[in-house]
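To start, the structure under review is shown below, and the notes come after it.
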Amino acid sequence: MERAEIKSLLEVIEQQVSSSILGGMDEQYEELESLGFITINKQAVQWSATITPAGVDFLHNN
């Protein structure tokens, strides 16, 4: 995933307390999770993502 795409997704997630994962975007969100930028709540029926401190740092300092 390119830097601009990462920043765009992180901006959306940061604006919400918990961002629902849109259909067809599972791979992108899982990549962000593997980078440590978000955590995914897979316990709920509708998976959701929360930005981590590392994600906030990347968003505001890159």
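Summary of values
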read-out	value
Identity of the residue in segment 33-49, of a type in the set (Val, Ile, Thr) and open to solvent by less than 60 Å² (accessible area, probe 1.4 Å), that ends up nearest to the chain's Cα centre (by Cα)	Ile38
Residues (part of a helix (DSSP H, G or I), open to solvent by 60 Å² or more (accessible area, probe 1.4 Å), within 17 Å of Lys42 (Cβ to Cβ) and modelled with pLDDT under 85) located in segment 6-28	Asp26
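The values are calculated or read from the model by the stated rules, or taken from the named source; none is laboratory data. Keep in mind the model is a prediction, meaning the values are calculated, not measured. For neighbour counting, all protein chains shown are included, and Cβ atoms are generated from backbone atoms with ideal geometry for every residue, glycine included. Just the protein is used for accessible areas: all its heavy atoms, side chains included, with ligands, DNA and RNA removed. Shrake-Rupley method; radii C 1.70, N 1.55, O 1.52, S 1.80 Å.
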